[in-house]
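The values are calculated or read from the model by the stated rules, or taken from the named source; none is laboratory data. Computed from a predicted model, the values in this text were never measured in an experiment. Neighbour counts run over all protein chains shown; Cβ positions are idealised from the backbone, glycine included. Heavy atoms of the whole protein, side chains included, go into the accessibility calculation; ligands, DNA and RNA do not. Shrake-Rupley method; radii C 1.70, N 1.55, O 1.52, S 1.80 Å.
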Amino acid sequence: MAGAIIENMSTRKLIFLLSSVLVFQVLSIMIGALIAPCPTSAIRYLATKCINRQRARGWLVPWGKNRCQQVHSFDEPLAKVLDANDIVFSVHIPLPNTEMSPWFQYILAVLQFDIAFKMINQIEEDVITIDTGLASRDDLMSEWRMKFHSVEQRPLKCVFGLSKTYENEGRFYHCDPIPFMELGSVAHKYFLINMRLPVNDTVNTGIGEIKDVHIVGIHQNGGFTKVWISMKTVFSPWIFGATSWYWHRVRLMARSPVLLEKVIFALGVSMTFLNVPVEWLSLCFEWTWMLLFEDLRQGVFFSTLFCFWIIFCGEHLMDQSHRNRLSVYWWQIGLVVFGSSILLVFDLSERGVHLMNPFYSVWASEIGTKVSITFIILAGVCVCLYFVSLCHMVRCVFRNIGGKMQQLPAMQEARRLRYKGVIFRFRFLMLATLACAAMTIIFFIFNQVSESHWQWGDYTLQVYSAFLTGTYGMWNLYVFTIIFLYAPSHKHSRRKSGDRQHTDMTEKPESLETQLTCGQQAPTEVYRITGKVAEE
């Protein structure tokens, strides 16, 4: 009978394989901890207050040869004679004597207002209207080219922690940061943001006395991008080759592939799809859809992974008449599909619109906020129901195997020892699967409550980078291990029918359908023996 490699590989080779996987896992973590820098950088920009009395459509630059006419403070005499509509807040990205790079991958911008308390000009509105535009250029001498322009509204949530009296005038409100922009490509060296806060009878009439505007620009570090793309470049051909090799072995079998083998192949394909280093091309082309595309790839992989876990457990639990049928798992897979669809719609409503307008935010309106929160709650409920179902199935699988273990003493010693080894390896793989998922959650929680880096002697350990590279390496190594160990073995052992009958002397008589499903054509021994006791 031709089983899987996990059942026919010698213990020495199996230990060597698992040790190699562990070494690569540690290496993935150490690459992020010691080589890669912090994944992102945040730079705070103070917007320059430019004067634009003629309301011209030209771009106002905060510094350089053609810098705009400025006021440093609204308390200056010149500012007293200006109208609020004459002021344009200008921010040049990046700072002087530096330039942006395609290695930065994306730009996120967050607004922060400094609003002073005044008894006669208090904050009365919870919405602020912003007229903003974005321009770019690739050298300091060329003209600015407009990329986007939009008039947006954002929620203004500010709290004044002191009593509202004349004695506290001039003190500042505490205002929440406001999401401002998300640009999915950094294809130019210089960017310019011009922003106005238009005022009329109905717009921005109760937003308080704004003193300054800050923009926090966040981008991915070029050094981290190089490490990340390099890891993808290494893992991509490795997983692709392993998946192709696995499917070739499955197709060489005399039977058609069973459901478990198909979902393992789908898992390898989804991992390969996630690994393809298309980021190399994004360094040469202005692909603003890369963030959305990366989210889609991750969604495909995790959806496939969740489906694999359910089917992997279920196929070692179901009785013979229900095996090898995708419809048996309709409600678990339905949860995965429904939850993934909700997150896809949410992502398209945010980053999909960013392809046309990077200033758009689904959280800007009350309706958009309620719909988004509803989608996230529904997706969370789906995840909770899924994991409850998965844990229940894992428990049933171990109970099923425990029932089979009680029948082993009636077998011949050689057969009993073989079954014990096979069942032990299967249990170990199940526990490794649970540990893999648990470590991802633990690392994520640990990362949220710890510093971004640790100092260890002369070395600085980047915890967040180690988390990202370690998790990415872990999923690649997990998929590779599943593909390799569950590939059909080239070792064939022929047994006489009498020996086969003696092996199953403690089993109930099987129908012809059961024998075809679980007999010599089963993908693994555990797959064969667990199904026989599922109905008992």
Global geometry of the range 249-359, whether rounded, prolate or oblate, following the gyration tensor of its Cα atoms and the 1.5 cut on a/c: oblate
Considering only protein heavy atoms, what per residue accessible area in square angstrom results for the range 71-134 with a 1.4 angstrom probe? 44 Å²
Within-15-Å neighbourhood charge of residue 52 [Cβ basis; K, R +1; D, E -1]: +3
For 245, 330, give me the order by solvent-accessible area with a 1.4 Å probe, most accessible first, ignoring ligands, DNA and RNA. 330, 245
Enter the accessible area per residue of the range 234-309 (Å², integer; probe 1.4 Å; all protein chains in place). 45 Å²
Considering just Cα atoms, how many Å³ per residue does the convex hull of the range 205-295 enclose? 179 Å³
Per DSSP, loop GluC sites (Glu not before Pro) in the range 259-348 with at most 16 further Cβ within 10 Å: 286
Fraction of accessible area attributable to carbon and sulfur, the range 267-317 (%, probe 1.4 Å): 80 percent
Quick one: order 143, 125 from most to least accessible surface, probe 1.4 Å. 143, 125
Taking H placed 1.01 Å from N in the peptide plane, check which residues at least 5 places from residue 93 or on another chain put their amide H under 5 Å from its amide H. 191, 192, 193
Just how far, in whole angstrom, is the range 129-174 from the range 205-232 if you go by their alpha carbon centroids? 15 Å
